[in-house]
Amino acid sequence: MTDKINQIKQIALEHIKQAADSKALDDIRVRFLGKKGELTDLLKTLGTMSKEERPKFGALVNETKTFIENYLQQQLDTLKQAEMNKKLESEKIDVTLPGRIHRRGAIHPVKLVLDQMESIFLGMGFTIAQGPEIETDFNNFKAMNFQDDHPARDAQDTFYIENGKTLFRTHTSPVQARTMQLNAPNPIRVICPGRVFRRDDIDATHHVQFHQVEGLLVDKDVKLSDLKGILLEFVQKMFGADMKIRLRPSFFPFTEPSAEVDVSCIFCHGDGCSFCKQSGWIEVLGAGCVHPNVLRLGGYDPEVFSGWAFGIGVERIALLKYGINDIRYLTEGDVRFLEQFR
Ligand code: DAH
């Protein structure tokens, strides 16, 4: 019987040594020490033994049980430690590695200029009005006093949709019409920033889409000198206190009289250089007094109300402000260009 016990013990130890994981060790525990285990079975033979043999045999079985038990536990600890070491090794991080660099974006120069323009005009008491980029022919042209045969209405100049009833707005002036229709007969003092579209060849100074900031003031006793003062204030805030402006007579269907507004050349400050073609002046916007027909179509009596308006090309201002010599840089998305505005 003692041999039998030793044999079981040897087999058990051999299995325990070869066990690859805790599950295998558990199976071994059941096989040898469990309720129906091989050692436990031996105890059932106690009844067939003599009085003297019994205690010795029982003690030996229990001793062997404890021995196997301890060896199992020791092996389990070793396996767990090995598993832990493996895990620690595979999850090791090197805290001395340099961090990942998140490249910071920059605000687009057109957005920078738009924001600054808005804040300058908001500071002078204007509020912001907006209109859709897809506009009716009526608001874009008719309400702005364009004749039916005006060349701007040609399909060559304008992106028409829906058989010419709607179009991609060619300027922000239709927001004047919308604002008047909404507010008549109350006074108006708004700017209308937004994107506009034209069919055009793209080159250094032309694009098929760009931005404008429209301005509109409608009230009683409106003075043209206020327009001039406000535009001078805008130009000086944008480019510097030494800037001058001049108004040259011009034509727009929606204003009468109309003017092109020039600013003193930002490069030569009026002395004359190649940029301003030796004139000392650069054209930056259009302006004028709101045409009586435009007032009337907007719901205002031109005998009682008058107004003035202006339209500024935002890209033009951005090119001048940042000394950019090609409008295409603004839409090409070249990171080397854009990151200069960080
Ligand atoms: N809408 C004109 C354009 O796109 C710009 C303009 C000129 C707007 C004179 C005005 C203005 O409000 O008074 O060329």
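The values are calculated or read from the model by the stated rules, or taken from the named source; none is laboratory data. For clarity, every value in this text was computed on a predicted model and none was experimentally measured. FYI the Cβ positions are ideal-geometry reconstructions off the backbone, even for glycines, and counts take in every protein chain you see.
Numbers at a glance
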quantity	calculated
Residue list for the stretch 179-216, restricted to those being in contact with a His (Cβ under 7 Å, 6 or more places away or on another chain) and assigned to a loop (DSSP other than H, G, I, E, B)	D200
Criterion violated by K321 - all others in (1) part of a helix (DSSP H, G or I); (2) within 16 Å of the ligand (Cβ to nearest atom); (3) basic (K, R) satisfied	(2)
Of all residues making up the stretch 164-178, the number that are away from the ligand (no atom under 12 Å from the Cβ) and either touching a Pro at 6+ places or on another chain (Cβ under 7 Å) or not in a loop (DSSP other than H, G, I, E, B) (or both)	5
Any chance T136 is more than 24 Å from Q116 (Cβ to Cβ), among the hydroxyl-bearing types (S, T, Y) and more than 12 Å from the ligand (Cβ to nearest atom)	yes
Only listed residue being free of Cβ contacts under 8 Å to residues at least 40 places away in the same chain, of a type in the set (S, T, N, Q), surrounded by 19 or more Cβ atoms within 10 Å (Cβ to Cβ) and closer than 30 Å to F121 by Cα, chosen from T179, T170	T170
Residues (part of a helix (DSSP H, G or I) and surrounded by fewer than 13 Cβ atoms within 10 Å (Cβ to Cβ)) located in the stretch 109-163	D115, S119, L122, G123, P151, E162, N163
Subset of the stretch 231-266 [loosely packed, with under 14 Cβ neighbours inside 10 Å and either within 36 Å of the chain's Cα centre (by Cα) or within 12 Å of the ligand (Cβ to nearest atom) (or both)]	G240, A241, F251
Options D221, D154; residue that is at pLDDT below 95 and on the phi < 0 side of the Ramachandran plot	D154
